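Chemist: Got a structure here, written out as structure tokens. Questions coming.
The values are calculated or read from the model by the stated rules, or taken from the named source; none is laboratory data. Everything numeric here is computed off the predicted structure, so don't read it as measured data. Here the Cβ positions follow ideal geometry from the backbone for every residue, glycine too, while neighbour counts run over all protein chains shown.
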Amino acid sequence: MGTGKGEDTESDPGSEFDEANDCLKCGLCCKIFGDRITPAPENLFSWMENGRGDILRFFMACLDDGRWVWCTELSPQDISEIRAVEMRDPSTGGYLPVCPFLRRIAKNRYICGVHAQKPEMCRNYQPWVWGETHFNRCPALKRKEESRWRRSLE
């Protein structure tokens, strides 16, 4: 989630918080919220079309008739019948404690293992947006706020 746009070279020039330059890629937001990823129908379609069973295998869909099916068993024609999608452990069917796509690259640095194909909700996650997705435990956001506070004292 939080490693969303921060891994790209893109950033929103109008944003107070330049995530491309300031995200510490600590993975905290992905560790805390990553177990609740719900892909959009467009994500499912893209993964199906691109043969991304490695991603689809972590999701189950509830269909109109109430059945829960692994997304690897669905086809693009089934997407209109999906009522809900949940992230699940493909070996047990249980819930996962963290995002399975989070990859540790250093002691306190993480990246998204499916960055180019990540779900929209992760791609659009912005911990600095107050009242929507604000994540006050984000170390980069705390650093930015402390810096702003120090500047105001000068």
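Results for (1) at pLDDT 85 or above; (2) assigned by TED's automatic domain parsing to the domain that holds LYS118; (3) surrounded by fewer than 17 Cβ atoms within 10 Å (Cβ to Cβ), shown as yes or no for each residue.
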| position | (1), (2), (3) |
| --- | --- |
| GLY6 | no, yes, no |
| GLU19 | no, yes, no |
| LEU24 | no, yes, no |
| LEU28 | yes, yes, no |
| GLU42 | yes, no, yes |
| TRP47 | yes, no, no |
| LEU63 | yes, no, yes |
| GLU73 | yes, no, yes |
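Residues are listed down the side, and each one gets a yes or a no for (1) within 20 Å of GLN117 (Cα to Cα); (2) part of a helix (DSSP H, G or I); (3) touching a residue at least 60 places away in the same chain (Cβ under 8 Å):
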site	(1), (2), (3)
CYS30	yes, yes, yes
ASP35	yes, yes, yes
GLU42	yes, yes, yes
PHE45	yes, yes, no
MET48	yes, yes, no
CYS62	no, no, no
THR72	yes, yes, no
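Chemist: Let me ask something else about it. When you go through ARG137, ARG143, ARG150 one by one, which is the residue that is assigned to a loop (DSSP other than H, G, I, E, B), modelled with pLDDT under 90 and not β-branched (Val, Ile, Thr)?
Modeler: Working: ARG143 fails: assigned to a loop (DSSP other than H, G, I, E, B); ARG150 fails: assigned to a loop (DSSP other than H, G, I, E, B).
Step by step, each of ARG137, ARG143, ARG150 is checked, and only ARG137 is assigned to a loop (DSSP other than H, G, I, E, B), modelled with pLDDT under 90 and not β-branched (Val, Ile, Thr).
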